[in-house]
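The numbers here are math on the coordinates, done by the rules we state, and not lab data. Nothing here was measured: the structure is a model prediction, and the numbers come from that model. Please note: Cβ atoms are built from the backbone with ideal geometry, for glycine as well, and neighbour counts cover all protein chains shown.
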Amino acid sequence: MKKITKEEYAALPEINGWRICPGETDYSEIQEFGNWAQFGNSAQFGDWARFGNSARFGNSARFGHSAQFGNSAQFGNSARFGHSAQFGNSAQFGEEALFEAMDFKAKRGNPLIQFDRFGSVKRNTQFFNTEGGIWVRCGCQLLLIDDFRQRVSEKYGNTGHGLIYLGIADVAQEYFRQEDERAPMNPKKCAALGS
């Protein structure tokens, strides 16, 4: 896999405002990507990479820890994200996304919601809807949602912060329940059912 330098990245062609970036390329030496970058399949990125708005990624993209994405990022199938990735509004994920290096694939629909700048230290709290359950990233903690609720109850009890954290866990769980009901059926299952 070719490793691209900052200079090579800056020289990549632009078409209609989009910087066209080849797939099967290692971009780990670059940390700042502007708006409107489009990457081919199997691109790899290092830790702390930052992407502007409307970045598009092909299938099987790999991201290091603490990657940051602007609004309207689009990811192909089988994207993998390191821990503490942050996503702007309207991110779209392909099938089989893996978050936080978990062994569980993301469910169809919108597998991620996040709440930002509240709680005791004004941090970002993310909820991931995976085949292995709903996972919560809050600071350095990565827990299943029931374990998150227990940890919050033990730490904050029935105080303001505790009620807020438990409230967003309820919102996330209900949202994912509705997403699971809306997710389209697998076409292979439809064919097997004769529809």
Practice prompt. Please provide three numbers in whole Å: the alpha-carbon extents of the range 109-195 along the principal axes, with the largest listed first.
Written response: 53, 21, 19
Worksheet item: Which shape class applies to the range 19-83: rounded if a/c is under 1.5, otherwise prolate when a/b exceeds b/c and oblate if not, where a ≥ b ≥ c are the square roots of the Cα gyration tensor eigenvalues?
Response: rounded
Worksheet item: Which aspartates and glutamates have a Cα less than 20 Å from the Cα of Lys105, not counting those fewer than 8 places away in the same chain?
Response: Glu95, Glu96, Glu131, Asp146, Asp147, Glu174, Glu179, Asp180, Glu181
Worksheet item: Under a plain spin-label model, where a point goes 7 Å from the Cα along Cα-to-Cβ, how far apart in nm are Asn89 and Lys6?
Response: 3.2
Discussion item. To make sure I understand the rule: partners must be aspartates and glutamates, Cα under 16 Å from the Cα of Lys3, and not fewer than 8 residues away in the same chain. Which ones qualify?
Written reply: Glu24, Asp26, Glu29, Glu32, Asp47
Fill in: Helix 160-182 axis, angle to the chain major axis (alpha carbon atoms, nearest 10°)
60
Worksheet entry | Net dipole in debye of the chain [+1 Lys, Arg Cβ; -1 Asp, Glu Cβ; about Cα centre; nearest 20] | 140
Worksheet entry | Global size of the chain as Cα Rg and Dmax, reported in angstrom | 18.3, 56
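Helix-derived [θ] at 222 nm for the chain: sum -39500 (n - 2.57) over DSSP H runs of at least 4, divide by residue count, nearest 500?
-7000 deg cm²/dmol
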Worksheet entry | Whole-Hz ³J(HN,Hα) from phi, Karplus 6.51 cos²θ - 1.76 cosθ + 1.60, for the range 64-71, glycine and proline x | x, 6, 6, 5, 10, 10, x, 5
Worksheet item: Hey, if you put +1 on the Cβ of every Lys and Arg and -1 on every Asp and Glu Cβ in the chain, which of Ala169, Cys21, Thr5 ends up farthest toward the positive end of that dipole?
Response: Ala169
Response to the item:
With label points set 7 Å from each Cα along the Cα-to-Cβ direction at His161 and Val121, the distance between them in nm comes to 0.9
Worksheet item: How far is the Cα center of the range 5-35 from the Cα center of the range 87-158, in Å?
Response: 30
